[in-house]
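Inspection log for the structure reproduced underneath, given as structure tokens.
A short reminder: the numbers here are calculations on the coordinates, not readings from a lab. Just so we're clear, the structure is a prediction, and the values are computed from it rather than from any experiment. We place every Cβ from the backbone using ideal geometry, glycine too, and count neighbours over all the protein chains shown.
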Amino acid sequence: MDCIFCRIVAGTVPSFKVYEDSAALAFMDINPLAPGHVLVIPKRHAPNLWEIEDGSLRETMAAARRVALAMKTALGLDSLNLVQANGPWALQSVDHLHFHLVPRREGDGVPLDWFLTPGDHDKIKALAAKIASALPALP
């Protein structure tokens, strides 16, 4: 079992658990981007968003929402980022699907922003059609 998150699920690596049910686990990120940064993972190993089973994804997202609501109350939040990185060029650091719940506050300096640069509408339209045409082929 090389996956650190699978070892956390198994209890062989300690964590600061926030929430757990039969399908998902939420625990504090020990390298937080902001105070209160939580990770939410499926208990069943799935390397990324492309490979997770639909039911496991639904259950994990439901757990993420439940934890986000608790964070809103407990931390007095009015803003939060939900971040998921998929693959090495997206900077996925652990090959086990996970969602970051990052509390946000005015002026916090958390670097999760980018400049809006208008795209070429014709290229955007063509990409939308290409992606949409691949949908019927999927299970």
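Key figures for this structure:
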| read-out | value |
| --- | --- |
| Within segment 83-94, tally of residues that are free of Cβ contacts under 8 Å to residues at least 40 places away in the same chain and part of a loop (DSSP other than H, G, I, E, B) | 6 |
| Matching option when the condition is more than 19 Å from Glu20 (Cβ to Cβ), in contact with a helix residue (DSSP H, G or I) (Cβ under 9 Å, 6 or more places away or on another chain) and not in a helix (DSSP H, G or I), among Leu112, Leu80, Leu101, Leu97 | Leu80 |
| Residue within segment 65-72 that is in a loop (DSSP other than H, G, I, E, B), under 28 Å from Ala24 (Cβ atoms) and of a type in the set (D, E, K, R) present | no |
| Qualifying positions in segment 45-54 - surrounded by fewer than 18 Cβ atoms within 10 Å (Cβ to Cβ) and either among the acidic types (Asp, Glu) or in contact with a Ser or Thr (Cβ under 7 Å, 6 or more places away or on another chain) (or both) | Glu51, Glu53, Asp54 |
| Some residue of segment 69-91 being polar (S, T, N, Q), in contact with a strand residue (DSSP E or B) (Cβ under 7 Å, 6 or more places away or on another chain) and buried (at least 16 other Cβ atoms within 10 Å of the Cβ) | no |
| Subset of segment 12-51 (residues that are in a loop (DSSP other than H, G, I, E, B), β-branched (Val, Ile, Thr) and in contact (Cβ under 8 Å) with a residue 12 or more places away in the chain) | Ile30 |
